[in-house]
Each structure stands twice: as structure tokens, then as C-alpha cells.
Amino acid sequence: MLTEINFDGIIGPTHNYAGLSRGNIASATNAGDASQPRAAALQGIDKMRHNLAAGLAQGFFVPLARPDAAWLASLDTTVAAAEPHLRAQAWSASSMWAANAATVSPAPDCGDGKCHLTVANLVTMPHRSHEWQGTLAQLRLAFADPAFAVHAPVPAPFGDEGAANHMRLCAGHDAPGVEIFVYGVGGGRFPARQHLDASKAIARAHRLDPARTLFLRQSDNAIQGGAFHNDVVAVANEHVLFTHESAFEDRAGAHAQIRAAFPAVEIVEVPASAVSLPEAIKSYLFNAQLVSLPTGGMGLVLPTEARETAAVWQWLEAHVAGNGPIRQLFPVDVRQSMANGGGPACLRLRIVADPATVDPRFIADDAKLDRIAEVVARHWPESIAPGDLTSAALATEVGAARAALLDRLDLGTLA
């Protein structure tokens with residue numbers, strides 16, 4: 001039976017605040033601070049536990065090998081000798097944000113009846129541009145069943161950042177849907193990361209019906225305001241689109257296209273007069289998991305920062321008190337991820353599939369999360385300061401930490 005499974009990225013032992021993500025305000029604001037990799041990973045595990053307790057299907061991906069000595073070798077340098085900016089890019093733990101791992105089209109949408117996944121190339125940001133090889137290896141292992149088709153990335157220079165710029169509307173997760181690709185246009189102080197040509201290439205590779213596929217332009221104001229991905233200003237689930245007024249460049253035109261392609265859509269729009277764009281971005285109101293609850297209705301798994309932002313929480317409480325589709329609010333503490341610019345939705349990749357077709361090593365349950373938490377508590381560094389990235393001892397320590405996790409999960413083939 002097809003169901004939505006959220007695959008969260010386990011936050012890696014090299015989690016640090018190097019401020020590498022241009023256009024990500026939180027990342028830039030906290031650059032140079034000391035991070036807490038152990039606390040970060042445990043917060044992510046607790047979020048997965050929360051979803052399991054709510055009756056949601058949950059999976060995970062493991063951290064990539066970092067620092068990436070092979071990538072530095074391709075630049076004719078080493079971890080010890082690299083210039084500081086290259087060394088920081090080699091240490092990045094940004095694969096934790098699984099929403100950027102791939103774009104996923106469920107089987108009911110695809111012409112060949114398979115679930116298609118295209119790994120994101122992430123070429124816009126140097127620290128992420130060398131993720132796709134490790135991510136592709138995991139995807140091909142986790143989704144090796146013939147029910148899936150896993151694609152290599154769209155070639156450069158066409159930037160693709162995965163599901164963070166992709167939404168789907170449907171009557172139910174197992175029903176045919178309308179897929180929405182959101183792209184940006186270059187210009188301004190911050191780059192547009194999702195290219196239209198990349199989105200179109202993915203739609204072709206996934207064999208999507210052009211009549212049920214939309215390409216919408218993200219608002220320039222949103223990008224320049226710090227919404228570096230569409231999922232910072234909009235999220236969809238089944239028949240509901242939850243969006244900020246400033247999400248799309250042509251708001252009226254975008255809404256009209258969506259309604260024409262999927263007449264049953266319920267657009268829940270938060271006006272800028274109630275929640276400003278800066279408030280939406282700071283709180284990551286829309287970088288939440290909008291999920292269908294087994295008990296009925298929809299819930300919003302959102303960061304505690306949303307509860308601490310007065311205008312945001314006021315709007316949410318009024319919506320829940322009314323007759324809107326979002327019936328429950330579930331604040332979760334992912335502060336370590338938030339400080340580096342990623343909320344609950346950044347941490348997960350949504351895949352509609354029969355769980356029986358997924359490699360069980362990537363499916364979470366409470367006992368497996370206990371094992372992961374034990375490894376994290378024992379091996380993840382408690383803190384990493386910027387100067388620590390020059391430490392050969394720390395590089396050895398984090399390598400051993402990842403190896404311990406892979407061993408505990410019987411995933412040594414990913415070493």
C-alpha cells in the first residue's frame with residue numbers, strides 16, 4: 001500500500017556553523033559560533049520519535065563522509081593544507097537537510113508506474129556541490145526495488161536543489177497528483193538556486209503528464225528576503241497549499257494555474273499584513289511538515305521558533321480555532337538545525353511508496369532510533385568551534401563516529 005514516508009537526515013558529527021550558505025540569513029547570522037553536533041543529532045532523532053508517535057511512517061538517511069578528503073584531492077589539496085574556505089566546505093554536514101537530497105515523483109504521477117527520484121546536483125553552493133555522489137549511493141541502496149527509478153543529477157550549470165522547490169497536490173497520497181516545480185530567476189544580492197531548465201529536465205525524466213505539471217516562478221522579493229528555497233514560504237499536502245502571500249512572483253497567476261490544474265485545491269494563504277515576510281522567514285513558519293494524521297485532518301510539525309514569534313503563533317491559533325484544514329500544531333525543538341538555516345521540513349524528504357519496497361535498514365522504529373541515539377551520545381562531538389576544523393584529531397574522531405553508526409545500522413557498504 002502506498003503511503004507517505006518522511007526520510008530525515010541524521011545530523012552528522014561535523015555539524016558546524018561556517019556560514020557557507022549565501023542567501024540563508026540564519027546561516028550567515030550564526031557564522032563563527034560554536035555548534036553542538038551531539039545535541040543537534042539528538043534533536044533530530046527526537047523529531048523522528050515525535051512523528052512515529054503521531055502514527056506517521058518514518059525513515060532516515062545517514063550522514064555523508066566528512067571532511068571530504070576526496071573532494072579536496074580533486075582540487076589538489078588536503079584537509080590540512082586547504083585554504084580556510086575550502087576546508088570549511090569539505091567539513092560541511094549540510095546533507096542533513098534531506099529535502100535537498102532529491103526530487104521525488106510518486107508512481108501514480110509517472111508514465112511508467114514507478115516512483116522516480118532524481119538526486120539534486122546542488123551546484124550553486126560549493127559546500128553542497130559534492131554531496132550528490134554520496135546521496136546517490138544511499139538512494140540507490142534504499143530504493144533498489146524495481147518499484148523505483150533513481151536518476152543521476154541534472155548536469156551543471158542547471159542548478160537543482162531537490163524537493164525544497166517541489167510540491168504536490170492530490171486527493172490522497174496514493175492518487176494521481178499535480179506536481180508543482182518552483183524556480184527562481186537570477187539577479188540581486190542572493191542567487192536563485194533552482195533553475196527552470198533543471199525542473200523541466202526532471203519532469204521529463206520522471207515521465208510526468210504535462211497537463212498535470214506546473215512551473216511557477218518564486219518571488220524575487222522572497223529570494224532576496226532570505227527564502228533561498230520555496231519551502232521557506234510554501235508547503236503543500238494532499239489538497240492543501242499553505243503559502244505566504246509573497247511566495248510567488250505572479251501571485252494571482254500562480255493561484256489561477258494551480259486551481260485550473262487541481263480544482264479541489266484549498267489555498268491557505270497567510271497575508272503579509274498578519275505575518276510579514278521577515279517574520280515568516282525568521283520563524284520558519286512554512287518550513288514545517290504539513291502532514292495527514294492517521295486520526296484524520298492535518299497537522300503542522302513546526303519549529304518552536306514559530307511559537308515564540310507572536311504574530312506567527314497568533315495567526316496559527318486563530319486558524320486552528322476556525323474551520324481551516326490544519327487542525328493540530330506540533331512544535332518541535334530543532335534549534336541547532338535552525339541556527340544553521342534549516343527547519344523541520346529541511347530535515348526530511350517525502351517519498352510516497354509501499355514501505356515493503358524500501359530497504360528496511362532505512363526505515364525507523366523506536367528501537368532503531370534508540371540504537372542511533374546511543375551511537376550519537378557516545379561518539380558525536382559535544383561542540384565544534386570554527387578553529388577546530390584544523391584539527392587532525394577531530395577529523396579522525398568524526399570519521400570513527402560515522403563508521404560506528406554505519407556498523408550499528410548494518411550499512412557498512414556506504415563507508
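The values are calculated or read from the model by the stated rules, or taken from the named source; none is laboratory data. Note that this is a predicted model, so its numbers are computed, not measured. Ideal geometry is used to build each Cβ from the backbone, glycine not excepted, and the neighbour counts take in all protein chains shown. These accessible areas exclude ligands, DNA and RNA; they are computed on the full protein's heavy atoms, side chains included. Shrake-Rupley method; radii C 1.70, N 1.55, O 1.52, S 1.80 Å.
For segment 309-320, filtered to residues that are closer than 14 Å to Leu290 by Cβ and touching a Leu at 6+ places or on another chain (Cβ under 8 Å), the residue that is most open to solvent (accessible area, probe 1.4 Å) is Val320.
Taking the criterion of being over 14 Å from Leu2 (Cβ atoms) and either assigned to a loop (DSSP other than H, G, I, E, B) or of a type in the set (Lys, Arg) (or both), the residues of segment 102-115 that qualify are Gly111, Asp112. With respect to Pro13, determine if the residue is more than 17 Å from the chain's Cα centre (by Cα) and not β-branched (Val, Ile, Thr). The answer is yes for Pro13. Screening Ala261 against (1) touching a Pro at 6+ places or on another chain (Cβ under 9 Å); (2) over 25 Å from Thr29 (Cα atoms); (3) of a type outside the set (Lys, Arg) leaves a single unmet condition, (1). Number of residues in segment 379-415 that are under 19 Å from Met96 (Cβ atoms) and not hydrophobic (A, V, I, L, M, F, W, C): the value is 10.
In this entry, Pro108 is excluded by the filter for residues that are open to solvent by 10 Å² or more (accessible area, probe 1.4 Å) and under 18 Å from Ala31 (Cα atoms).
Total residues in segment 363-396 satisfying the condition of being closer than 30 Å to Glu4 by Cα and β-branched (Val, Ile, Thr): the figure is 4.
Which condition number does Thr135 fail, the rest of (1) closer than 25 Å to Arg251 by Cα; (2) β-branched (Val, Ile, Thr); (3) touching a helix residue (DSSP H, G or I) at 6+ places or on another chain (Cβ under 8 Å) being met? Going through the list (1) closer than 25 Å to Arg251 by Cα; (2) β-branched (Val, Ile, Thr); (3) touching a helix residue (DSSP H, G or I) at 6+ places or on another chain (Cβ under 8 Å), Thr135 breaks only (1).
Scan segment 374-382 and give yes if some residue there is of a type outside the set (D, E, K, R), part of a loop (DSSP other than H, G, I, E, B), within 24 Å of Met338 (Cα to Cα) and at pLDDT 95 or above, otherwise no. Within segment 374-382, one or more residues are of a type outside the set (D, E, K, R), part of a loop (DSSP other than H, G, I, E, B), within 24 Å of Met338 (Cα to Cα) and at pLDDT 95 or above. Scanning segment 1-34 for residues that are within 17 Å of Leu64 (Cβ to Cβ) and open to solvent by less than 40 Å² (accessible area, probe 1.4 Å) yields Phe7, Asp8, Gly9, Ile10, Ile11, Gly12, Pro13, Thr14, His15, Asn16, Ala18, Ser21.
Report whether or not Arg193 is in contact with a Ser or Thr (Cβ under 9 Å, 6 or more places away or on another chain) and basic (Lys, Arg). For Arg193, the condition - in contact with a Ser or Thr (Cβ under 9 Å, 6 or more places away or on another chain) and basic (Lys, Arg) - is met. Taken over segment 390-415, the criterion of being part of a helix (DSSP H, G or I), closer than 20 Å to Ala364 by Cα, in contact (Cβ under 8 Å) with a residue 12 or more places away in the chain and not hydrophobic (A, V, I, L, M, F, W, C) is satisfied by Arg402, Arg408, Thr413.
At least 2 residues being open to solvent by 60 Å² or more (accessible area, probe 1.4 Å) and in contact with a helix residue (DSSP H, G or I) (Cβ under 8 Å, 6 or more places away or on another chain) is the threshold, and among the helices (runs of 4 or more DSSP H) wholly inside segment 248-308 those reaching it are 277-283. Annotation: of all residues in segment 393-413 being of a type in the set (A, V, I, L, M) and surrounded by fewer than 17 Cβ atoms within 10 Å (Cβ to Cβ), the one that is farthest from the chain's Cα centre (by Cα) is Ala393. Could we say that Gly19 is modelled with pLDDT of 95 or more, part of a loop (DSSP other than H, G, I, E, B) and either touching a Lys or Arg at 6+ places or on another chain (Cβ under 8 Å) or not hydroxyl-bearing (Ser, Thr, Tyr) (or both) here? No.
Give the residue, chosen from Arg335, Arg348, that is more than 30 Å from Thr78 (Cα to Cα), surrounded by fewer than 23 Cβ atoms within 10 Å (Cβ to Cβ) and basic (Lys, Arg).
Details: Arg348 fails: surrounded by fewer than 23 Cβ atoms within 10 Å (Cβ to Cβ).
Of the residues listed, the single one that is more than 30 Å from Thr78 (Cα to Cα), surrounded by fewer than 23 Cβ atoms within 10 Å (Cβ to Cβ) and basic (Lys, Arg) is Arg335.
If the condition is being of a type outside the set (Asp, Glu), closer than 18 Å to Pro13 by Cβ and more than 21 Å from the chain's Cα centre (by Cα), then segment 27-66 contributes only Ala34.
If I ask for residues that are outside any loop (DSSP other than H, G, I, E, B), open to solvent by 10 Å² or more (accessible area, probe 1.4 Å), touching a residue at least 12 places away in the same chain (Cβ under 8 Å) and hydrophobic (A, V, I, L, M, F, W, C), which ones from segment 47-87 would you list? Once the filter is applied, which keeps residues that are outside any loop (DSSP other than H, G, I, E, B), open to solvent by 10 Å² or more (accessible area, probe 1.4 Å), touching a residue at least 12 places away in the same chain (Cβ under 8 Å) and hydrophobic (A, V, I, L, M, F, W, C), segment 47-87 yields Leu52, Ala57, Phe61, Ala69, Trp71, Leu86.
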